[in-house]
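Please treat every number below as a calculation from the coordinates, not as lab data. A quick note: this is a predicted structure, and the numbers were derived from the prediction, not measured. Cβ: placed from backbone, ideal geometry, glycine included. Neighbour counts: every protein chain shown.
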Amino acid sequence: MVCRTFEQARFRFKKAIKWGFRVSMVGPTLIDIREHIDGLGTKDGQYYVRCGRTGDRPVPAAGTRFPDRATARAAARATEQYRSALRRYDPQVPFYDLIVCEEMSRDTTAAHARESETDSPQDRLTDPVLTDSATPERHDLVEFCHRVAGAVFETLSERGYDGVESAVMHAYFQHAETVGDPDELCLCLLESMASELHKRLTPADQAEVLTDAATRLESPSDDDSPLDASLTALEQRGFIESYTRSPYSVGLDGGAGAVVVQISGYALSAHDKRLPVLPLTLELCRHHTEQSPQSVQVTAVDDGWQLTFSLADTGDQSGLVSASIDGKV
């Protein structure tokens, strides 16, 4: 059964379409809130925001530290406001019980971090605890999907791609009519997003959206191998089960040319002889900021998919969000 929150969201969306109103399921509000939280942060702060139940540090406060307890509380409230705004387009965005924590020293481990007034009412800022039967691996996968979707929706809204936003939501609501599993529905959202970006934006515009959206995700630590870091992160979140990769070929300019990656247990499904690769390329853009993928080629193999990422700028961008599949599916 579709939840009441979803029905309300669908009603508002369809009413806006009927009367020809501009629909922005995310709108500038998310951008404003993120900038507000970024403005509260400081590099050497000892306070941070996390969920008291799961330990997660949710977007958009993830990775940000704050100078004092009061500022961190303000960031926690803004974080809940941000996530409430996300639920206007995706009612399945997880609820968190946000609390403020203090890390005694940057050299100490998480075991030395103490919660700040854990049981104090002013630190419990979200809805009551909801029973969550999902495994930790499934939880990580779902949260990753929401982070990707939120970053892309922010980018589409800021760049004025209202038609793409509306098309994604139409497809999402159609899936929600038949898909009963909320976790499966969040995967459908990414599949719909990849499909609509492919159909409605040029490859150059797709590349700009990916680059912009990657900056809205938590910055990774310095990586010796951005590709391995990207694939390992996807594996840890349950988005792929395993991977192997080749060395990079050498491009005409002496830099990295292309790399072949074989993955198994990919979370997204192929449709119409195309594979949605949006989360893969976005994660690679997040880790490989200096040289993002220029094209992606996909071949069906016995145990999954073989992907060829081309980094060399040949002027032929393709397959960045949804790649054509060679071979039988």
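What the table below lists for this structure:
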read-out	value
Pair THR54, HIS170: separation of 7 Å Cα→Cβ label points (nm)	3.2
Label-to-label distance, nm, for residues given as GLN262 and ASP162 (7 Å Cα→Cβ offset)	4.9
Local electrostatic count, GLU35, Cβ distance below 15 Å [Lys/Arg +1, Asp/Glu -1]	-3
Computed E for GLU35/ARG200 - FRET, C-beta separation, R0 41 angstrom, nearest 0.05	0.90
Spin-label model distance (nm) - MET104 vs VAL301, 7 Å beyond Cα toward Cβ	4.9
